[in-house]
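Contents: one structure, followed by commentary.
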Amino acid sequence: MAVEAGGPTHTRRSPTPALIPAPPPRPRTMDRMSFLRRRSATPAGPEFDVLAMDPGDWPGNLGAGLLPAPDGTCQGVFLRYDLFGGRGPAMIIGNLPEGSPAREVEEGEIPFEVGQLLLALENDEDVTVVGTEDMPVLQGDNLLIVRRLKLSESRISCVQFDRSDGVLVTIAAWDRPITDDLYALLKPLPAELFQQG
């Protein structure tokens with residue numbers, strides 16, 4: 001997985017993350033991760049585990065971005081799951097801690113992760129949130145209250161839920177539904193996996 005630093009912006013007009021191709025896949029291992037350093041702006045890494053799909057469970061390419069604060073701390077992590085064969089991005093999963101500016105969106109404005117997905121798709125449509133619905137979902141032994149966002153772009157599926165430690169998890173998927181099977185695949189990836197010396 002490629003990890004790079006990117007500014008916490010809220011719209012798809014922010015710079016596209018410079019995600020580099022993943023190394024050749026090694027299924028079921030974490031060895032697919034490599035890191036892209038970007039000058040001193042790269043934060044050391046998150047102080048929280050990242051709830052996402054394990055790289056070994058994704059049959060495609062993978063990249064990640066770290067959102068740096070001016071003091072060098074990490075204000076969030078987002079992972080981009082790409083399809084093999086250059087068929088484009090399929091999904092973005094973000095973990096944003098309390099106080100992250102990337103969480104601050106106006107009513108009707110799309111979440112940060114949806115903006116990143118649109119950037120990756122090179123889609124400049126004006127997409128808005130037109131409705132929300134809360135629903136219970138089992139994730140392992142935990143009962144989550146998931147907020148499903150209805151967007152003006154119907155090909156994007158988006159859900160959000162809060163972790164017990166206050167981290168906001170957002171999943172944005174392109175042209176595919178977010179099903180219970182995906183929640184079952186979410187795992188806490190250790191913070192050390194994303195930390196840069």
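Annotations
- Note on the stretch 151-189: residues that are out of contact with any Asp or Glu (no Cβ under 6 Å at 6 or more places or on another chain), closer than 29 Å to Gly72 by Cα and in a loop (DSSP other than H, G, I, E, B) total 4.
- Hey, Thr132 at pLDDT 95 or above, in a strand (DSSP E or B), among the polar types (S, T, N, Q) and closer than 14 Å to Ile92 by Cα or not: no
- Filtered residue count, the stretch 98-119, keeping only those that are over 12 Å from Cys158 (Cα atoms) and either of a type outside the set (A, V, I, L, M) or crowded, with 22+ Cβ neighbours inside 10 Å (or both): 13
- Members of the stretch 64-122 found to be of a type in the set (A, V, I, L, M), touching a Lys or Arg at 6+ places or on another chain (Cβ under 6 Å) and assigned to a helix (DSSP H, G or I), listed by number: Leu118, Leu119
- Considering residues of the stretch 45-63 that are over 14 Å from the mean Cα position of the chain (by Cα) and part of a helix (DSSP H, G or I) only, the residue modelled with the highest pLDDT: Asp57
- Test: Asp162 is among the acidic types (Asp, Glu), loosely packed, with under 14 Cβ neighbours inside 10 Å and either touching a residue at least 24 places away in the same chain (Cβ under 8 Å) or under 20 Å from Val105 (Cβ atoms) (or both): no
Table: residues versus (1) free of Cβ contacts under 8 Å to residues at least 60 places away in the same chain; (2) of a type in the set (Val, Ile, Thr).
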site	(1), (2)
Gly86	yes, no
Asn95	no, no
Glu98	no, no
Pro101	no, no
Val105	no, yes
Gly115	no, no
Asp124	no, no
Val130	yes, yes
Glu133	yes, no
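- Restricting the stretch 164-197 to residues that are among the hydrophobic types (A, V, I, L, M, F, W, C) and either farther than 19 Å from Asp57 by Cα or over 16 Å from the mean Cα position of the chain (by Cα) (or both) leaves a set whose member that is modelled with the lowest pLDDT is Ala184.
- Residues in the stretch 137-163 that are farther than 21 Å from Phe48 by Cβ and modelled with pLDDT of 95 or more: 11 in all.
- Candidate set from the stretch 42-97 (those that are within 18 Å of Asp162 (Cβ to Cβ) and of a type in the set (Phe, Trp, Tyr)); member that is surrounded by the fewest Cβ atoms within 10 Å (Cβ to Cβ): Phe48
The values are calculated or read from the model by the stated rules, or taken from the named source; none is laboratory data. Everything quoted here is computed from the prediction, not taken from an experiment. All Cβ positions, glycine included, derive from the backbone under ideal geometry; neighbour counts span all protein chains shown.
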